[in-house]
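No value in this document is a laboratory result; all are computed from the given coordinates. The shown structure was predicted, so the numbers you read here are calculated from the model rather than taken from an experiment. Using ideal geometry, Cβ is built from the backbone for each residue, glycine included, and neighbour counts are taken over all protein chains shown.
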Amino acid sequence: MHIDSIDLYCLGLPYRSPRSTAVGPLPRLETVLVAMHGDGATGWGEACPGVAPQKGPEWTAGVFSLLRDWLAPAVVDRTVSSGDELTALLGSFHGNRWAKSAIDAAWWDLEARRQNRPLHQLLGGRRDAIEVGPTFDRMDSIDEFLEQLDAAVAEGFDRIKLKFRPGWDLQVVDLARKQCPTQSLHVDCEGGLHLGHQDMLFRLEDFMLSSIEQPLPADDLVGHAMVQESLRTPIVLDESITTLAQAEMALELDSCRGVNLKPGRVGGLTAASAICELCHERCTPCYVGGEPQSAIGNRIAMALASKDGCCWPADFFPSDRELVEDVAEPPLPIRDPSDGRPRIRLSSAPGIGVEPDPKRLDEFCLTRTTVRPV
């Protein structure tokens, strides 16, 4: 497939209420969309690493600049026949996996549209509907937390994930378990603990959790192996899994018994698919993690979640509740009449099944550019 040109958009999508972050309240979601044109079709990708280099070394404005100055020019006017070929083409650029993921996802969406196939089928996915679960972070009050937890249970969600933070820890898990005695309860520590917190981790065992996600810092695979050896609760790694090689090392060390897959963190659908297939071979379940992003990124993530290795319900970002307006129709969970659990139905249309509304692209665009052959 010949890549004719690439359009880049840096967007600012207003939140309904400012989102609390480590850099202060954010009034809008800043993200980068990639439109890759070739063979008479257009494929879409997205990268949304955050406004500042805090969760990792990349940030939205930096991703836009890198795509504009280096990655898109390296791809335009080239013929790319596979995701692996695209990965090799971008291999001379070190790191910057979020930026690469947007190019990679756009190529996969373009190829799916060119073949007139849904993206999830091109990726080898076998499911047409993805079970999902909400994530609850720290709130202003316990009453608000319990109200939202009750609402999630009433909506039929079976998997619930809690962020685990100082001041929002064991007491909150205890309340959640009492409120949700039969639901699958996950706790996400986001690398905020260390080996000195073993007693706290042992206390988490009392709540019959489905998993404890990323208890230690991302680079401590050995520490995670030590913790996993002492716990019956499965450890899930998220921030630690950035490459196929890291995933292989984590599985060899028995650092985890589950993996949270995020296409942006690992460099795109090509790498994420390879990690998912590796985990499936090793009988280690995966699930697709959620990030604040537009409907484009959400639909890409749900397509990945259709693969056999993704055995647990996926996270999802409810953009219809969080954003004033999305750039395209977001994928929304609907209760399955067979068991009452909310699932997101995947589109049977080519690619991800939607394209951004041009008027909304214009309305929310902060900056844009087109990369053409020199």
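The figures follow:
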{"quantity": "The chain: relative contact order as a whole-number percent, Cα under 8 Å and 6+ apart", "calculated": "23 percent"}
{"quantity": "Computed over the chain, Kirkwood Rh from alpha-carbon pairs, angstrom", "calculated": "21.0 Å"}
{"quantity": "Cα-only radius of gyration and Dmax that characterise region 162-226, units Å", "calculated": "11.7, 35"}
{"quantity": "Longest to shortest principal axis, alpha-carbon extents of region 1-64, angstrom", "calculated": "44, 27, 12"}
{"quantity": "Normalised convex hull volume, region 284-374, alpha-carbon set, Å³ per residue", "calculated": "158 Å³"}
{"quantity": "For the chain, built as a Gaussian network whose Cα springs stay under 10 Å, the top-fluctuating residue of Thr87, Thr79, Thr242", "calculated": "Thr79"}
{"quantity": "Spatially proximal lysines relative to Lys55 (Cα-Cα < 26 Å; intrachain offsets below 8 disregarded)", "calculated": "Lys100, Lys161, Lys163, Lys262"}
{"quantity": "Gain upon complete extension [Asp128, Ala61; 0.36 nm per residue less C-alpha separation]", "calculated": "20.7 nm"}
{"quantity": "Scattering profile of region 123-263 at q = 0.19 Å⁻¹ [log10 I(q)/I(0), Debye over alpha-carbon scatterers]", "calculated": "-1.13"}
{"quantity": "11 Å beta-carbon shell around Arg127, net charge (K/R +1, D/E -1)", "calculated": "+1"}
{"quantity": "Region 251-327, relative contact order [Cα under 8 Å, separation at least 6], %", "calculated": "30 percent"}
{"quantity": "Amide H contacts under 5 Å for Arg343, placed H, 5+ residues apart", "calculated": "Ile334, Arg335, Asp336"}
{"quantity": "Helix-derived mean residue ellipticity, 222 nm - over the chain, DSSP H n ≥ 4, -39500 (n - 2.57), to 500", "calculated": "-9500 deg cm²/dmol"}
{"quantity": "Cubic angstrom per residue, convex hull over Cα atoms of region 35-149", "calculated": "141 Å³"}
{"quantity": "Beta bridge orientation in region 121-345: antiparallel %, DSSP, nearest 5", "calculated": "25 percent"}
{"quantity": "Neighbourhood charge, 14 Å Cβ-Cβ cut-off, centred on Glu58 and excluding it, Lys, Arg +1 and Asp, Glu -1", "calculated": "+1"}
{"quantity": "Surrounding net charge for Arg113, when Lys and Arg each add one and Asp and Glu each subtract one, Cβ distance under 10 Å", "calculated": "-2"}
{"quantity": "Helix 142-154 axis, angle to the chain major axis (alpha carbon atoms, nearest 10°)", "calculated": "70 degrees"}
{"quantity": "Among Gly351, Gly124, Gly91, residue whose mean-square fluctuation peaks in a GNM of the chain (springs only between Cα atoms under 10 Å)", "calculated": "Gly91"}
{"quantity": "Max mean-square fluctuation residue, GNM over the chain, Cα-Cα springs under 10 Å, options Pro318, Pro350, Pro166", "calculated": "Pro166"}
